[in-house]
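S.K.: Provided herewith is a single structure, encoded as structure tokens, for subsequent inquiry.
Read the figures in this text as sums done on the coordinates, not as results from a lab. The shown structure was predicted, so the numbers you read here are calculated from the model rather than taken from an experiment. Backbone-built Cβ (ideal geometry, glycine too); neighbour counts: all protein chains shown.
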């Protein structure tokens, strides 16, 4: 039997979270060492004897045995999780306590606690996301750096600082208290949203890496959905949003490895089961008075999935949803997307007008798709030379070969088309 | 056909979960290929890196490790090959070589020489 893709990575998050709950957040490094040890052991044993029937259970059991060794050996020298108190002191209570903390409900709970702990209010958003990816998704520093197209040194610094802040919080975040949970939940949702976005729109040249980020964001969101105090309408809307986008992932890159914008995607390749799950979550999100940006973004994505193509897409509804989004969560990128939708409905000239109206458009100056949108509208207006200049500017900001090929094709189209402009 | 023992020495398996898993998948693929080509007499066993050393007439017992980390034998395999040259050739596919480890190739002595 072959281990499934990224099995170790995924188990790593579960194991580190579970062990940290026992050892205490200040012993995070110890938990990571024990996990490392379990993986090395798996490597040695499995390569000779094959992968066991239930590899996850094998790894967890190995981690548990190591944890017991550590607790017995170091209980006088170290302090462990304060909430376990004297449970670890006597052999009579130690084994049953550890056994319980390695049960399925506790493992689930441990991951939630870790997720909320990663979103410590003293940490900037990008540190929260990096920490989640590192601890809960088992990405090494290099892999996090690869995913964010950042340097090893920068990410290492970000993660080690974040770990220090987290370790200073004395104990893992308690997810059983409704009050505390609802205070920190928006930060957790935001971090998951950013993680998903990094996968969907991110700069990493590896589409496999980006798909993995989307999957991880969805896996962690599912943990929230399984814990009723965290399964709020906003969480459901976030989940719906992820589903609608994830459903399109298979069509986003064509057989030649080229980026396909929404307008040109083969919609038969969209995953209908994931869309159906998104619809279910969107329905469930429509309770309560709260309307979040996730609700609106999910609704926009839903309008796209409901259409057969660009022609029968309800662009009017999309524009008004973008208006709502601008009211809740204004940003130049949202305004740009609104302009693109307007152009679909009212023509490229209107699109150009809307783009010129964007507030703080300087923040889009290095975003390749800002220049690409300008190029596209000029192109559709027949001004091919102006369009070409915009696409050439876009080319200087592309973040990976796939984006480069996409823009180059548009530049090519400007040459082929009529020489007006 | 002659028999050889491969002793796997040292080798840092990498730190990240993904790397360790990749390393394992390479090992499994390598063993599979050796087996399919009829070279595996006994796939062997992994060895713990700790243990005891019992030495001399005094029978003094000491704790492992017995060697530098890079020299510790982590496992063995019994291989069938035409000759030493072929066994060496086979050992070159071992994934331990990618992580600074070594394969010691030792012919098993024959009974009837």
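S.K.: Could you tell me the distance between the Cα centroids of segment B:43-83 and segment A:197-217, to the nearest Å?
M.R.: Here the answer is 44 Å between Cα centres.
S.K.: Starting with the highest mean, order B:82-88, A:9-15 by the number of other Cβ atoms within 10 Å, averaged over the residues of each peptide.
M.R.: A:9-15, B:82-88
S.K.: Taking beta carbons within 10 Å but only from partner chains, what does the mean come to for residues B:72-81?
M.R.: Counting Cβ atoms of other protein chains within 10 Å of each residue's Cβ and averaging gives 1.
S.K.: Using helices alone, I'd like the mean residue ellipticity at 222 nm for chain B: each DSSP H run of four-plus residues gives -39500 (n - 2.57), total over residue count, nearest 500.
M.R.: Mean residue ellipticity at 222 nm (helix-derived): -8000 deg cm²/dmol.
S.K.: Want the number for residue A:72 to residue A:397: 0.36 nm per residue separation, take away the alpha-carbon distance, what's left?
M.R.: Full-extension gain reported as 111.4 nm.
S.K.: Over the protein assembly as shown, how many percent of alpha carbon pairs lie in each 20 Å bin up to the one with the longest distance?
M.R.: 18, 44, 28, 9, 1
S.K.: Using a Gaussian network model of chain B with C-alpha springs under 10 Å, which one of B:99, B:40, B:73 is most mobile by mean-square fluctuation?
M.R.: B:99
S.K.: May I pose another question? Could you work out, residue by residue across A:50-59, how many beta carbons of other chains sit within 10 Å of that residue's beta carbon, and then give the average as an integer?
M.R.: Counting Cβ atoms of other protein chains within 10 Å of each residue's Cβ and averaging gives 1.
S.K.: Please express the shape of segment A:279-408 as an equivalent ellipsoid: the semi-axes are the square roots of 5 times the eigenvalues of the C-alpha gyration tensor, given largest first in whole angstrom.
M.R.: 28, 16, 15
S.K.: For a label point 7 Å from the Cα of residue B:89 along Cα→C-beta, name the residues of segment B:1-39 whose backbone N is under 15 Å from it.
M.R.: B:1-2, B:34, B:37-39, by backbone N distance to the label point.
S.K.: For segment A:111-225, taking Cα atoms only, what is the radius of gyration to one decimal and the Dmax to the nearest whole Å?
M.R.: In Å, with Rg to one decimal and Dmax whole: 13.5, 41.
S.K.: Could you work out [θ]222 nm for chain A from helices alone, using -39500 (n - 2.57) per DSSP H run of at least four and dividing by all its residues? Round to the nearest 500 deg cm²/dmol.
M.R.: Helix-only estimate at 222 nm: -22500 deg cm²/dmol.
S.K.: Full-extension gain between residue A:33 and residue A:357, please, as 0.36 nm times their residue separation minus the C-alpha to C-alpha distance.
M.R.: Result: 111.3 nm gained on full extension.
S.K.: Determine, for A:32, A:378, the number of other Cβ atoms within 10 Å of each Cβ, and report the residues in order from fewest to most.
M.R.: By the 10 Å Cβ count, ascending: A:32, A:378.
S.K.: Within a 10 angstrom radius of the beta carbon, how do A:244, A:406, A:23 rank from fewest other beta carbons to most?
M.R.: Ranked by crowding around the Cβ, least crowded first: A:406, A:23, A:244.
S.K.: Output the relative contact order of chain A, whole-number percent, from Cα pairs under 8 angstrom with separation of 6+ residues.
M.R.: So the answer I get is 11 percent.
S.K.: For chain B, what does the alpha-carbon gyration tensor say about shape, rounded, prolate or oblate, given a ≥ b ≥ c as the root eigenvalues, a/c under 1.5 as rounded, and a/b over b/c as prolate?
M.R.: In terms of gyration-tensor shape, oblate.
S.K.: Any chance you could check the Cα centroid distance between segment A:278-346 and segment A:78-113 for me, in angstrom?
M.R.: A separation of 45 Å, based on Cα centres.
S.K.: Rounded to a whole number of µm²/s, how large is the Stokes-Einstein D of segment A:200-267 at 4 °C and 1.567 mPa s, given Rh as the Kirkwood radius over C-alpha pairs?
M.R.: 98 µm²/s
S.K.: Also: Given a 10 angstrom Cα cut-off, can you work out which residue in B:59, B:70, B:92 is the most mobile in a GNM of chain B?
M.R.: Of B:59, B:70, B:92, the Gaussian network model singles out B:59 as fluctuating most.
S.K.: Can you compute the FRET efficiency between residue B:58 and residue A:164 using 1/(1 + (r/R0)^6), with r the Cβ-Cβ distance and R0 = 51 Å? Round to the nearest 0.05.
M.R.: E between residue B:58 and residue A:164, to the nearest 0.05, is 0.50.
S.K.: Among A:117, A:361, A:239, determine the one that fluctuates most according to a GNM of chain A built with springs between C-alpha atoms less than 10 Å apart.
M.R.: A:361
S.K.: Now a separate question. Using Cβ counts within 10 Å as a stand-in for footprinting exposure, how do A:322, B:8, A:200 rank, fewest first?
M.R.: So the residues, fewest neighbours to most, are A:200, A:322, B:8.
S.K.: Turning to a different aspect of this structure: Once you have the Cα-Cα distance between residue A:280 and residue A:157, take 0.36 nm times their residue separation minus that, and quote the gain in nm to one decimal.
M.R.: Residue separation times 0.36 nm, minus the Cα-Cα distance, leaves 40.2 nm.
S.K.: Which order do the peptides A:328-338, A:283-293 take when ranked by the mean count of other beta-carbon atoms within 10 Å per residue, highest first?
M.R.: A:328-338, A:283-293
S.K.: Given the convex hull of the Cα atoms of segment A:232-313, what is a quarter of its surface area in nm²?
M.R.: Mean projected area for segment A:232-313: 5.3 nm², to one decimal.
S.K.: What percentage of all Cα-Cα pairs in segment A:9-134 are separated by more than 22 Å?
M.R.: Distances greater than 22 Å cover 37 percent of the Cα pairs.
S.K.: Shifting gears a bit: Average partner chain C-beta neighbours within 10 Å, per residue of A:37-46?
M.R.: Mean partner shielding for this stretch: 6.
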